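Quick note: the coordinates plus some simple rules give every number you see, no bench work behind them. This is a predicted model, so every value here is computed, not measured. Note that we place each Cβ from the backbone using ideal geometry, even for glycine, and neighbour counts take in every protein chain shown.
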Amino acid sequence: MPWLRETSCIEDARFFVNKDSISVVAPSDNRQTDPPDFGRAKRVPEWWMRLSVYRRRYRAQKIISESETKSDFVPRKISIVILSCKRLAQLQQLVSGLKEFLEAIETYENIEKILVDNGSGTKLIEWARRVSFFDSIIAHETNLGMAAALNDAFPRAIGEYILLLEEDFIIDYSRPFLQSCIDIFEQYPEIGIIRLKNKRNWGKPFRVIGPLRRTANGDEFWTWLPSLNGKMNVWTAGSVLFRKASFLTTGSVPVGQNVDRAQSLHQGILYEEIYGKRYNKNWLAAKIRNCYPFVQPDNHIESPGWSEHAVHRET
């Protein structure tokens, strides 16, 4: 059977981390189990999933077909976009692991690598240039905020697909997985985004998850449907691979003031929920069985970008 069906990334994981510099390992009880812990998620039946697919597939096929002639991208190319903001140590760790993974394990080679930096300054940018990992570097002099920086970066990516990573993730996986993602996109047009984060958070009550489906190669995946309010469970930030055309046709992420995260309309809400409600009308998400390559360690410092120049409003 294909490795995606027979291998647990918990049992078969390896770390690509220079432990002499930093040791940041997420607690094992925070990772997804096999079988997954669905907790309070709504597990919908086949007919419900098919209805959600039916509502989106024709529109998705039309968008994909038109994008092949109207959009500026290289077919089947994956653009890895790493967003950073003043966390050089975490960025170094991610790049070290990703470089080793791409050279030693991943077999898919049609890739470009882009750094998008939000005002970190010369030290980080000079290191990024010296490391000879990135094909291009977008260095903003000041922190534009997540939404503005990515609105600028995504159209510049030349790949048909974009893999978004924040700099405090690590890759913790020992199998190639990018071709499996491409297979899902090519065989299931309604899938706009594939979620790749390893976290035991599937059981949240707003989750809506369909039955397993599989590709022609036998790779199994769950279809994640929009939450009942339409805002969540499909589009998200973090470690995700999505169609560039799905972003371009949805439009730019709304940009607002960089308010404190305790407020209702901070950057994360704008990026994930407000934009997500628009995105989720046309697209569904996939979660590949036992393929959760990226971990966000719990003991990483929060990005300075969240609170930098934030407007603190009275509640």
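Things to note:
- Close amide H contacts of Arg76 (hydrogens built in the peptide plane, cut-off under 5 Å, sequence separation of 5 or more or a different chain): Glu160.
- Coordinate range of the alpha-carbon atoms in region 175-252 per principal axis, descending: 34, 30, 20 Å.
- Between Ala89 and Val255, the distance separating the two model label sites (each 7 Å from Cα on the Cα→Cβ line) works out to 3.2 nm.
- Convex hull of region 129-215 built on C-alpha atoms - directionally averaged projected area, nm²: 8.6 nm²
- J(HN,Hα) series, region 196-208, from Karplus relation 6.51 cos²θ - 1.76 cosθ + 1.60, nearest Hz, glycine and proline x: 10, 7, 9, 8, 7, 10, 6, x, 5, x, 7, 5, 10
- Potential extension, Lys99-Glu186 segment - 0.36 nm per residue separation minus Cα distance: 28.7 nm
- Full-extension gain in nm, Leu212 to Leu228, via 0.36 nm per residue minus C-alpha separation: 3.7 nm
- Mean Cβ neighbour count within 10 Å, used as a protection proxy, ranking 140-152, 207-219, 284-296 highest first: 284-296, 140-152, 207-219
- Evaluated at q = 0.15, 0.21, 0.22 Å⁻¹: base-10 log I(q)/I(0), Debye formula over Cα of region 90-162: -0.56, -1.05, -1.12
- Cut-off under 5 Å, modelled amide H: who pairs with Lys113 long-range: Ile80, Asp135, Ser136
- Karplus (6.51, -1.76, 1.60) ³J(HN,Hα), θ = phi - 60°, over region 273-290, in Hz, Gly and Pro reported as x: 8, 5, 5, x, 5, 6, 4, 5, 5, 10, 9, 10, 10, 10, 10, 6, 4, 6
- Once the chain from Asp34 to Trp127 is taken as fully extended at 0.36 nm per residue, the excess over their C-alpha distance is 29.6 nm.
- Per-residue HN-Hα couplings for region 150-163 [Karplus 6.51, -1.76, 1.60; θ = phi - 60°; Hz; x = Gly/Pro]: 7, 4, 6, 7, 4, x, 6, 4, 9, x, 5, 10, 10, 9
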